[in-house]
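Before any comments, here is the structure.
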Amino acid sequence: MNFRTRAQLSGMMFLEYFVWGAWYVTLGTYLGTTLQFEGTQIGLAYGAFAIAAMISPFFVGMVADRFFPTERVLGVLHLVGAFLLYFLSQTTDFGLFYPLIIAYTLCFMPTIALTNSLSFHHMDNPGKEFPGVRVLGTISWIIAGLIVGYLSIEDQATPLVIAAGMSVVMGLYSFTLPHTPPKSKGEKASWQDIIGLDALKLMKDRSFAVLFIASLLICIPLSFYYSFANLFLNNIGVENAAGKMTMGQMSEILFLLLMPFFFKRLGYKKMLMIGMACWALRYVLFMFGDPGSLVWMLYGGIILHGICYDFFFVTGQIYVDERAPKNIKNAAQGLITFATYGVGMFIGSVLSGVIAENYTVDQSTYLWDKIWLIPAVLSAIVLLLFTIFFREKQTKQPTEEIKAQTSQAIPESKLA
């Protein structure tokens, strides 16, 4: 990969994740504080992303992979998305806001996979080259959060307007990207191929089935963090909450780099267990932390995001890649993504909204200790069940191969 291509792909990743990071983290604060949406409505708004996660693989498999060049699909989706984001910023009625955000997430969610596949297409050695390109996405997410926090606009519609403007830039920029023809043009595919039903045969393996179920279940308490963490921090008086929450992405980068070290010493099961344990610990820290003398608990809960995500999701992705036969590796990853970011996150988004609304005294007073107790307990239960039923099989992969796969797992690590 030459320097020009590397620069183009790096710019693509920067814009892609700036668009997402500009609005996603603070949306709950805007909806709950300014628009005064109820908890269930906030949960449903975040659940739109889960709906899109369940549908977007079909779009990529049926349209983007077979009919149009990737860069053109990216451009059109982002330009349409910019239009929808702007209208979202002008909408105050939930009856209109909800279908609009579903429409927008249906446009945005496929672009995550498309930016990854476009990058891989133009790389000579993705295992070595991709991390250096993809890290620009994490950096831009952090920058977006710092900007929103610095401007103190977390409770305003402005982040949506900023995201809309950057989406226009990303849409136009996409047409300048290296030409990437549809990789399956002219090929016939059955519905079984497109939705990855072949991967279901892996459920016969007890360990894979346990990991699949645990991944789905752990995404239920995970959704509480995405939907309400920013609203929580702002509600209790933490200054520059959006900026503080970028510590989660910073720790994500750190622990991703340290994963090969931990793999060698801990193995799959212990890594997965640590990830789930940190999920429960994060919510306990939120229960007892405050913006005063115990603010370190809040910061600790945010920083634990790196371990929570990397040790469970990235480890799980690598485990699936190892266990799945070569001809269904992509289908297996798609199945896990469908279960986690799709089904699990949707259930969690709805449940978190119901719980938050149930523990709301008035429109601005939340019983946060009781709200965070629910995901803490759920995480602990999933951890217990996983510990009992999961049986780790000895991996045959050398450390260097695990390191390479860890690097390639980075694309999926950006949902917070």
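The values are calculated or read from the model by the stated rules, or taken from the named source; none is laboratory data. Computed from a predicted structure; not experimentally measured. Note that we place each Cβ from the backbone using ideal geometry, even for glycine, and neighbour counts take in every protein chain shown. These accessible areas exclude ligands, DNA and RNA; they are computed on the full protein's heavy atoms, side chains included. Shrake-Rupley method; radii C 1.70, N 1.55, O 1.52, S 1.80 Å.
What are the equivalent ellipsoid semi-axes of segment 285-392, built from the alpha-carbon gyration tensor (square roots of five times its eigenvalues), in whole angstrom, biggest first?
Ellipsoid half-lengths, sorted descending, are 33, 17, 13 Å.
If you take the square roots of the eigenvalues of the alpha-carbon gyration tensor of segment 121-166 and sort them as a ≥ b ≥ c, do you get rounded (a/c under 1.5), prolate (a/b over b/c) or oblate?
prolate
State the Kirkwood hydrodynamic radius of segment 1-137 in Å, one decimal place, computed from all pairs of distinct Cα atoms.
Averaging 1/r across every pair of different Cα atoms and inverting gives 16.1 Å.
Leaving ligands, DNA and RNA out of it, rank 310, 124, 205 by accessible area with a 1.4 Å probe, largest first.
So, going from the largest accessible area down, we get 124, 205, 310.
In segment 1-158, what percent of the accessible surface is made up of carbon and sulfur (1.4 Å probe, ligands and nucleic acids excluded)?
Answer for segment 1-158: carbon and sulfur cover 66 percent of the accessible area.
What is the calculated FRET efficiency for residue 200 to residue 125, with r their C-beta to C-beta distance and R₀ = 45 Å, to the nearest 0.05?
0.90
Do any of 128/201; 201/269; 244/264; 204/370; 204/269; 244/370 go past 30 Å between their Cα atoms, and which?
128/201; 244/264; 204/370, as the Cα separations exceed 30 Å there.
On a full-extension model of 0.36 nm per residue, what is the gain between residue 290 and residue 387, subtracting their alpha-carbon distance, rounded to one decimal in nm?
Additional length available on full extension: 31.7 nm.
Leaving out ligands and nucleic acids, and using a 1.4 Å probe, what accessible area per residue does segment 66-175 come to in Å²?
Normalised by residue count, the accessible surface of segment 66-175 is 40 Å².
If I model a spin label at residue 322 and residue 151 as a point 7 Å from the Cα along the Cα→Cβ vector, what separation in nanometres do I get?
4.5
Residue 362 to residue 270: extension gain in nm, 0.36 nm per residue of separation minus the Cα-Cα distance?
28.9 nm
Once a ≥ b ≥ c are taken as the square roots of the eigenvalues of the Cα gyration tensor of segment 90-157, is the result rounded (a/c under 1.5), prolate (a/b larger than b/c) or oblate (a/b not larger than b/c)?
Oblate is the answer for segment 90-157, as a/c is 1.5 or above yet b/c matches or exceeds a/b.
I want to make sure I understand the PRE zone here: with the label point 7 angstrom from the Cα of residue 299 toward its beta carbon, which residues in segment 7-30 have backbone N atoms less than 15 Å away?
Taking a point 7 Å out along Cα→Cβ of residue 299, no residue of segment 7-30 has its backbone N under 15 Å.
By its C-alpha gyration tensor, with a ≥ b ≥ c as the square roots of the eigenvalues, how is segment 211-286 shaped: rounded for a/c under 1.5, else prolate for a/b larger than b/c, else oblate?
Oblate is the answer for segment 211-286, as a/c is 1.5 or above yet b/c matches or exceeds a/b.
Fully extended, how many nm does the chain gain between residue 117 and residue 254 (0.36 nm per residue separation, minus their Cα-Cα distance)?
In short, 46.9 nm is gained.
Just to be sure I understand the model, the point goes 7 Å from the Cα along the line to the Cβ. What's the resulting residue 2 to residue 67 distance in nm?
3.3
Hey, what does the equivalent ellipsoid look like for segment 235-334, semi-axes from the Cα gyration tensor as sqrt of 5 times each eigenvalue, largest first, whole Å?
31, 13, 12
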